[in-house]
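Undergrad: My questions all concern the structure below.
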Amino acid sequence: MYDAATYRRSQEYTRARSRLGLLSALVDLAVLLGFWLGGGFGWLDDLVRGWGLGPVWTGLVFLVILAVARAILSLPFSIWHTFVIEQRFDFNRTSPRTFILDLFKGLGVSIVVGVPLVIGFLALFEYGGAVAWIYAWAAAVAFSFVMQILAPTLIMPLFNKFTPLEEGELKHAIVEYAQQVGFPLRGVFVIDASRRSTKGNAFFTGIGKSKKIALFDTLTQRHGTGELVAVLAHEVGHYKMRHILIGTVASALQTGLFLGLFALLVRQAGLFEAFGVALPSYYAGVVLVALLLRPLQLVLTVGSAALSRRHERQADSFAAATTGRSDLLADGLKRLSKDNLSNLTPHPFYVFLNYSHPPVLQRVRALDAGVSA
Ligand SMILES: [Zn+2]
């Protein structure tokens, strides 16, 4: 699928994105170190405490100021990514208007969802005693379930229009496949992703008996029915092989681990001393413990990426087995990576650290091997 020119372009694209990623990470680290070593955490804490708002509201203001500062810091990189890099490689379809609207919508969602969450979290720890972290854990798990319902019904429609897939060959083929494998399909939608980017993708949303499949319009424009059904079969594979459930349980365990460690570490005076914060508090503890646990976070991310790659391979085999055609998914993946200029030859160590999916070449080879076996 990649001719010499496309291959070269995919390498240039990888290089451009890697450079921006490195620069953004460097600036992030430099600002963090400067703020930390310059006594920023202590200064901000003193400032906000001076307003006399009480522990929960003081905490909210402290965290909001840091979050806003971080968002402002990352904004130039986000603009550069969309309007320079994606533009240069002809992926960008986002107008400045859409970009700004997205920013405000994202801000609105953060306020509506995030503020009550932060207040609840701080109040739990402030008044919940030694077992507060267990309540917080239960609340976090409940919250993630609520979000799985709210995200597709209330939040995603703020950003994209979901149109039911029109009756026809594709709809017929998808419904037939879903019946064949016993997938409780509630609806097939096409979303107007082409308003932002030419890149293609598909996903499905909802929990329990109300699954919805969403196909990017960019995908339906370029792939034939066979390839699209194969891509959907892969998504159905995730559901049938309980990958969603396993992922939810794994992330709930991870949340519990972090909350337990938070409850333990937030009592250590040394933590606050190390970051130049005079008076211990739960709200400052949230930020400092998160910084302290970054190495642990990295280890866990590597573990969950490995689990995810395993699930991707299983979903590929499921799609090949249930459609009886491994070549269709392979063709779909090839076309998708060519159209997205995916890096064909990522370094294995980079894959180990970051990739949630196996590199496409490995996936195609595994599918080919499945045919000959
Ligand atoms: Zn997948």
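The values are calculated or read from the model by the stated rules, or taken from the named source; none is laboratory data. As the structure is a prediction and not an experimental result, all values here were calculated from the model. When we count neighbours, we look across all protein chains shown, and the Cβ atoms used for this are built from the backbone with ideal geometry, even at glycine. All accessible areas refer to the heavy atoms of the entire protein, side chains included, with ligands and DNA or RNA removed. Shrake-Rupley method; radii C 1.70, N 1.55, O 1.52, S 1.80 Å.
Undergrad: Pop out the ³J(HN,Hα) list for the range 234-244 in order, Karplus 6.51 cos²θ - 1.76 cosθ + 1.60 with θ = phi - 60°, rounded to Hz; leave Gly and Pro as x.
TA: Karplus values, whole Hz, x for Gly and Pro: 4, 5, 4, x, 4, 5, 5, 8, 6, 5, 5.
Undergrad: Please turn the phi angles of the range 118-129 into ³J(HN,Hα) values with the Karplus equation 6.51 cos²θ - 1.76 cosθ + 1.60 (θ = phi - 60°), one per residue in order, whole Hz, x for glycine and proline.
TA: Once θ is set to phi - 60°, the couplings for the range 118-129 become 5, 4, x, 4, 5, 5, 4, 6, 5, 10, x, x Hz.
Undergrad: Determine the per residue accessible area of the range 232-308 with all protein chains present and a 1.4 angstrom probe, expressed in square angstrom. Before the final figure, lay out the partial values.
TA: On the way: 3710 Å² over 77 residues.
Result: 48 Å² per residue.
Undergrad: Further question: Net charge within 11 Å of Pro152 by Cβ-Cβ distance, Lys/Arg positive one each and Asp/Glu negative one each, not counting Pro152 itself? Walk me through the numbers before you get to the answer.
TA: On the way: positive: Arg186, Lys211, Lys212; negative: none.
Taking every Cβ under 11 Å from that of Pro152, the sum is +3.
Undergrad: Return the carbon/sulfur percentage of the accessible area of the chain, one whole number, probe 1.4 Å, all protein chains in place. Before the final figure, lay out each step's value.
TA: Numbers: 13340 of 20110 Å².
That share works out to 66 percent.
Undergrad: Calculate, in nm to one decimal, what Val299 and Ala4 gain on full extension: separation in residues at 0.36 nm each, minus their alpha carbon distance.
TA: Full-extension gain reported as 102.5 nm.
Undergrad: Follow-up question, since we're still on this one. With θ taken as phi - 60° and the coefficients 6.51, -1.76 and 1.60, list the Karplus ³J(HN,Hα) couplings across the range 16-21 in order, rounded to whole Hz; mark glycine and proline as x.
TA: So the J values, rounded to whole Hz, are 4, 6, 5, 4, 4, x.
Undergrad: I'd like the FRET efficiency for Val31 and Val131, computed as 1/(1 + (r/R0)^6) with the beta carbon distance as r and R0 of 30 Å, rounded to 0.05.
TA: Working: r = 37 Å, r/R0 = 1.22.
Working from the Cβ atoms, E equals 0.25.
Undergrad: Then there's this: Could you pull out every one of the aspartates and glutamates with an alpha carbon less than 14 Å from that of Lys199, ignoring same-chain neighbours closer than 8 positions?
TA: Glu86, Asp90, Asp217, Asp339
Undergrad: How much length is gained on full extension from Leu291 to Asn354, taking 0.36 nm per residue of separation minus their Cα-Cα distance?
TA: Numbers: separation 63, 0.36 × 63 = 22.68 nm, distance 1.95 nm.
Gain on extension, Leu291 to Asn354, equals 20.7 nm.
Undergrad: Take every Cα pair under 8 Å in the chain that's 6+ residues apart, average their separations, divide by the length, and report that relative contact order as a whole percent. Don't skip to the end; give the middle numbers.
TA: On the way: 362 pairs, mean separation 73.7, N = 373.
Relative CO of the chain lands at 20 percent.
Undergrad: In addition: Among the chymotrypsin sites (Phe, Trp or Tyr not before Pro) within the range 305-353, which fall in a DSSP loop and have no more than 15 other Cβ atoms within 10 Å of their own Cβ? Intermediate results must be reported in sequence, preceding the final value.
TA: Values: sites: Phe318, Phe349, Tyr350, Phe352; in loops: none.
When the chymotrypsin sites (Phe, Trp or Tyr not before Pro) of the range 305-353 are filtered for loop state and at most 15 Cβ neighbours within 10 Å, nothing remains.
Undergrad: Fully extended, how many nm does the chain gain between Ile155 and Lys240 (0.36 nm per residue separation, minus their Cα-Cα distance)?
TA: Values: separation 85, 0.36 × 85 = 30.60 nm, distance 2.57 nm.
Computed gain between Ile155 and Lys240 is 28.0 nm.
Undergrad: Something else about it: Going by amide H atoms built from the backbone, whose H comes under 5 Å of the H on Ala214, apart from near neighbours?
TA: Phe189, Phe203, Phe204, Thr205
Undergrad: Now for a different question. For His311, what accessible area in Å² do you get when you roll a 1.4 Å probe over the heavy atoms of the protein chains, rounding to the nearest 10?
TA: Accessible surface of His311 is approximately 20 Å².
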